[in-house]
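The values are calculated or read from the model by the stated rules, or taken from the named source; none is laboratory data. Predicted model only: the values in this text are computed from it and were never measured. Virtual Cβ from ideal backbone geometry, glycine too; neighbours counted across all protein chains shown.
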Amino acid sequence: MSASKIQKEPQGQGKFKTKFHWLGQTNRHGQKYITRNCFFEPSDHSKDWVASCISEIELAFKYKKPAVISSHRVNYIGSLVQENREQSNKKLENLLTKIINTWPDVEFISSSNLGQIIKNKHND
């Protein structure tokens, strides 16, 4: 299950319960959580998303964790603003290039593959 580390669960009547998740945590259904620890939302122009994401990846790798990047498709579709799509895709290309140049042995895998690796590690 892909999730953020902190989840606000509605309890009704405007009240929420805070739940915390971590990579590899198992829920009551036996499913493993894959928590996102890097963020890339390039259509938001309020910050340098490439530099920010690189810093988050560096921190994940420092602590021997996978970098799980969260990014929403709205950044890349451009159905409302085509220029937004073009700029976001250029920033994504820049991010991927920096990742490969900084960590030449990096492996890109799907969330499903990461989940399987976590499951196998916990079954050892």
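If you go through the stretch 87-120, how many residues are surrounded by 11 or more Cβ atoms within 10 Å (Cβ to Cβ) and either hydroxyl-bearing (Ser, Thr, Tyr) or in contact with a Lys or Arg (Cβ under 8 Å, 6 or more places away or on another chain) (or both)?
Qualifying residue count for the region: 7.
Looking at (1) under 18 Å from the mean Cα position of the chain (by Cα); (2) under 19 Å from GLN7 (Cα atoms); (3) outside any loop (DSSP other than H, G, I, E, B), which one does GLY24 not meet, given that it meets all the others?
(3)
Looking at the stretch 32-51, can you tell me whether even one residue there is over 27 Å from GLU93 (Cβ atoms) and assigned to a loop (DSSP other than H, G, I, E, B)? Give the steps one after another, and end with the answer.
First pass over the stretch 32-51, keeping only residues over 27 Å from GLU93 (Cβ atoms): 32-33.
Those still in the list that are assigned to a loop (DSSP other than H, G, I, E, B) too: 33.
The answer is yes; a qualifying residue exists.
State yes or no: is ILE54 surrounded by fewer than 17 Cβ atoms within 10 Å (Cβ to Cβ), out of contact with any Cys (no Cβ under 6 Å at 6 or more places or on another chain), closer than 21 Å to SER111 by Cβ and aliphatic (A, V, I, L, M)? Don't jump to the end; show me each part of the working.
Values: surrounded by fewer than 17 Cβ atoms within 10 Å (Cβ to Cβ): no; out of contact with any Cys (no Cβ under 6 Å at 6 or more places or on another chain): yes; closer than 21 Å to SER111 by Cβ: yes; aliphatic (A, V, I, L, M): yes.
Judged against the criteria, ILE54 is not a match.
If you take the residues of the stretch 6-43 that are touching a residue at least 12 places away in the same chain (Cβ under 8 Å) and in contact with an Asp or Glu (Cβ under 6 Å, 6 or more places away or on another chain), which of them is surrounded by the most Cβ atoms within 10 Å (Cβ to Cβ)?
CYS38
When only residues in the stretch 5-21 that are closer than 25 Å to ASN113 by Cβ and part of a loop (DSSP other than H, G, I, E, B) count, which is modelled with the highest pLDDT?
Looking at the filtered set, the residue picked out is HIS21.
Step by step: first the residues of the stretch 59-86, then only those that are among the hydroxyl-bearing types (Ser, Thr, Tyr), assigned to a loop (DSSP other than H, G, I, E, B) and surrounded by fewer than 17 Cβ atoms within 10 Å (Cβ to Cβ), then the one that is modelled with the lowest pLDDT. Which residue is that? Steps first, answer last, please.
Within the stretch 59-86, the first condition is being among the hydroxyl-bearing types (Ser, Thr, Tyr), and the residues that meet it are 63, 70-71, 76, 79.
Next cut, assigned to a loop (DSSP other than H, G, I, E, B) only: 63, 71, 79.
Keeping just the survivors that are surrounded by fewer than 17 Cβ atoms within 10 Å (Cβ to Cβ) gives 63, 79.
Values: TYR63: 95, SER79: 79.
Among residues in the stretch 59-86 that are among the hydroxyl-bearing types (Ser, Thr, Tyr), assigned to a loop (DSSP other than H, G, I, E, B) and surrounded by fewer than 17 Cβ atoms within 10 Å (Cβ to Cβ), the one modelled with the lowest pLDDT is SER79.
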